[in-house]
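The values are calculated or read from the model by the stated rules, or taken from the named source; none is laboratory data. Here the structure is a predicted model, which is why all the values come from computation and not from measurement. Counting neighbours? That spans all protein chains shown, and the Cβs are built from the backbone with ideal geometry, glycine included.
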Amino acid sequence: MNASPLAGRRIVVTRPLAQAAPLAEAITAAGGEPLIFPLLEIAPADDPQPLAEAAAQLAQYAWAVFISPNAVDYALPTLLAYAPWPASLRPAAVGQGTVRALAAHGVGGCIAPRERFDSEALLALPELAAERVAGTRVAIFRGDGGRELLADTLRERGAMVDCITCYRRSAPSSGCQPLLDAWRAGGLDALAVSSSEGLRYLLALLDDEGRQHLQATPLFVPHARIAETARELGLSNIILSGAADAGILAALLAYNWPA
């Protein structure tokens, strides 16, 4: 039986720590060695009041949109501590990982895209068409900053939208020494990067030596927007994979690794 194409390959998994395990385990199962190095650190929002206010009026919303699994993990405990999930409130999510996070908290019936996991794909679902959302109240649970496309488009479609920041993102506080050590030892074969923001943090943290190593290292990204960010940052060794962890793993397995 042929060895796995990932045998002997060390792959950096850069998802936030709470979401890194599934891809790391898949890489291990495929014969590779994952190096978990989150490019985003996640913490509760600086101001808890907006989330508390949303919990108090949750039953007044028609839709609750969760941008990421982190949004679920940082919002649901507060929301459900105030009252059970309202029967009339429809949950929506940008990706299937967020759907699973909601289900883990006992919230089902979630709509989400099934192929491309971004705001555009969510907005394309028939349930969020203008004739369905006009006049309704929508709560969007998200991190600090980020794109405004989802909220702006829903407002254009006639919805009344509240954006609730329930967590914040920041650069890695420990620096990039583990990556530099792995590069210097010749033991780092690829990075899987699922966040444009995280990629910017990485470039800002690396010195000239680290940037040279990064430029020479295959960068697997699951979305065209991240690939475009990588090109804007001067990187060129970019592999655009399919969506989510499954797409990244498939691209890693299909890659023409050097002998």
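Suppose we filter Ala190, Ala185 for residues that are surrounded by 22 or more Cβ atoms within 10 Å (Cβ to Cβ) and in the same structural domain as Thr14 (by TED's automatic domain parsing); which single one remains?
The match here is Ala190.
List pairs: first in the range 179-197 and without any contact (Cβ under 8 Å) to a residue 60 or more places away in the chain, second part of a helix (DSSP H, G or I), Cβ under 8 Å, 6+ apart or cross-chain?
Leu180/Glu209; Leu180/Gly210; Leu180/His213; Trp183/Gly210; Trp183/His213; Ser196/Arg225; Ser196/Ile226; Ser196/Thr229
Evaluate the following for Pro84: is it surrounded by fewer than 16 Cβ atoms within 10 Å (Cβ to Cβ) and without any contact (Cβ under 8 Å) to a residue 40 or more places away in the chain? Break it down stepwise before answering.
Working: surrounded by fewer than 16 Cβ atoms within 10 Å (Cβ to Cβ): yes; without any contact (Cβ under 8 Å) to a residue 40 or more places away in the chain: yes.
The answer is yes for Pro84.
What tally of residues in the range 239-249 results from selecting those that are in a helix (DSSP H, G or I) and closer than 15 Å to Arg116 by Cβ?
5
Against the definition (free of Cβ contacts under 8 Å to residues at least 40 places away in the same chain and not hydrophobic (A, V, I, L, M, F, W, C)), how does Gly95 come out, yes or no?
no
What is the one condition in (1) of a type outside the set (Asp, Glu); (2) closer than 18 Å to Arg147 by Cβ; (3) surrounded by fewer than 19 Cβ atoms within 10 Å (Cβ to Cβ) that Ala243 does not satisfy?
Exception for Ala243: condition (3).
Report yes if some residue within the range 150-173 is closer than 22 Å to Asp207 by Cα and more than 22 Å from the chain's Cα centre (by Cα); otherwise report no.
no
For the range 1-58, which strands (runs of 3 or more DSSP E) that fit wholly inside it have 2 or more residues that are free of Cβ contacts under 8 Å to residues at least 60 places away in the same chain and not assigned by TED's automatic domain parsing to the domain that holds Phe141?
In the range 1-58, 33-36 are the strands (runs of 3 or more DSSP E) which contain 2 or more residues that are free of Cβ contacts under 8 Å to residues at least 60 places away in the same chain and not assigned by TED's automatic domain parsing to the domain that holds Phe141.
Scan the range 130-147 residue by residue and report those that are more than 16 Å from the chain's Cα centre (by Cα), over 16 Å from Glu53 (Cβ atoms) and of a type outside the set (A, V, I, L, M).
To start, the set of residues in the range 130-147 that are more than 16 Å from the chain's Cα centre (by Cα) comprises 130-139.
Among the residues that remain, those that are also over 16 Å from Glu53 (Cβ atoms) are: 130-136.
Hits for the range 130-147 are Glu131, Arg132, Gly135, Thr136.
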